[in-house]
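Written below as structure tokens is the structure these notes are about.
The values are calculated or read from the model by the stated rules, or taken from the named source; none is laboratory data. Predicted model, so just to flag it, every value in this text is computed and none were measured. Glycine gets a Cβ as well: all are built from the backbone with ideal geometry, and neighbour counts include every protein chain shown.
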Ligand code: NAD
């Protein structure tokens, strides 16, 4: 068997096009979604991520307000900026790029964001609503993964799903989303015993570990849908580096039913979902809680 490759770039482009179309409709009502982006320090990877986010926001008709702050910025200053952004009517989404410098209390900064503007879905109010099955802003990466799974598996009810990783930003919300879609969900982590045995039973595997080739191809159940969230930079053998996921891609291709590549799988979906969350935050802010939101699908 050779797995179907799930083209995250194409699916993300389709979602961005839908977001742009809805933004254009809102513009006729003089509503322009606004995203505030807060970047502290000079971390090169964060600068690249923020650059992609603002470029794609612009292309989708979303206004962005950039706040680039020195690495010396402290927790109180950041909370004060967040409070200012909370109060602005032209800002519908607030993105604080992580990681923040070690000297900053990241949890306190994220907790200061108005849950209605928490387009990353990291606030305890949104995490709690998601866990309770209530309407919530869902974290962008797991939402992107769910959209990709639905591409190849429209009916997920009853499927055995395995999420490897239990972080607050990927693993836990991913498990909640799969549960909402009636999967039977297992969450594995660094202390899990017999991961190969659990993989062998799983029809859906989402790997969010942060270790190259942590999931071997021959662990997979034949035909499984494999979503590889990992982004790992490794030496490519010729003195350069390349990005790989958490799954042994070559091995998995021969065994899985469908798989996301790295790069070009989950990564593009994360930004597209950020735009979706910003658009929907603007719709709620201007048209009320009952207004029709843009669906992720
Ligand atoms: P994290 O470090 O917070 O969590 C990693 C999780 O993996 C932990 O819960 C840990 O228990 C688990 N783990 C570690 N070793 C394990 C092992 N041997 N077996 C099973 N589980 C193990 O990481 P994160 O923020 O959740 O990110 C995970 C990966 O996803 C990273 O590579 C990150 O770069 C990537 N990521 C990608 C995107 C994207 O847009 N594509 C977004 C977020 C994170």
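What the table below lists for this structure:
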quantity: Some residue of segment 90-101 being out of contact with any strand residue (DSSP E or B) (no Cβ under 8 Å at 6 or more places or on another chain), away from the ligand (no atom under 16 Å from the Cβ) and touching a residue at least 24 places away in the same chain (Cβ under 8 Å); calculated: no
quantity: Tally of residues being in a loop (DSSP other than H, G, I, E, B) and either closer than 16 Å to residue 34 by Cα or in contact with a helix residue (DSSP H, G or I) (Cβ under 6 Å, 6 or more places away or on another chain) (or both) across segment 59-92; calculated: 8
quantity: Matching option when the condition is assigned to a loop (DSSP other than H, G, I, E, B), farther than 23 Å from residue 272 by Cα and touching a residue at least 60 places away in the same chain (Cβ under 8 Å), among 138, 104; calculated: 104
quantity: Filtered residue count, segment 108-130, keeping only those that are within 17 Å of the chain's Cα centre (by Cα), part of a helix (DSSP H, G or I) and touching a residue at least 40 places away in the same chain (Cβ under 8 Å); calculated: 3
quantity: Enumeration of residues in segment 218-257 that are surrounded by fewer than 20 Cβ atoms within 10 Å (Cβ to Cβ), more than 9 Å from the ligand (Cβ to nearest atom) and part of a strand (DSSP E or B); calculated: 233, 234, 235, 241, 242, 243
quantity: Residue 3 farther than 30 Å from residue 222 by Cα and modelled with pLDDT of 95 or more; calculated: no
quantity: One residue from 261, 212 being touching a residue at least 12 places away in the same chain (Cβ under 8 Å), over 23 Å from residue 10 (Cα atoms) and either part of a loop (DSSP other than H, G, I, E, B) or away from the ligand (no atom under 14 Å from the Cβ) (or both); calculated: 212
quantity: Lone unmet requirement of (1) over 17 Å from residue 265 (Cα atoms); (2) in contact (Cβ under 8 Å) with a residue 40 or more places away in the chain; (3) within 13 Å of the ligand (Cβ to nearest atom); (4) not in a helix (DSSP H, G or I) for residue 163; calculated: (1)
quantity: Residue check, residue 52 under 13 Å from residue 268 (Cα atoms) and not in a strand (DSSP E or B); calculated: yes
quantity: Number of the exception - residue 147 against (1) more than 7 Å from the ligand (Cβ to nearest atom); (2) out of contact with any helix residue (DSSP H, G or I) (no Cβ under 7 Å at 6 or more places or on another chain); (3) in contact (Cβ under 8 Å) with a residue 12 or more places away in the chain; calculated: (2)
quantity: In segment 153-169, the residues that are surrounded by 15 or more Cβ atoms within 10 Å (Cβ to Cβ) and touching a strand residue (DSSP E or B) at 6+ places or on another chain (Cβ under 8 Å); calculated: 153, 156, 159, 160, 161, 162, 163, 164, 165, 166
quantity: Condition broken by residue 199, with the remaining ones in (1) surrounded by 22 or more Cβ atoms within 10 Å (Cβ to Cβ); (2) away from the ligand (no atom under 13 Å from the Cβ) satisfied; calculated: (2)
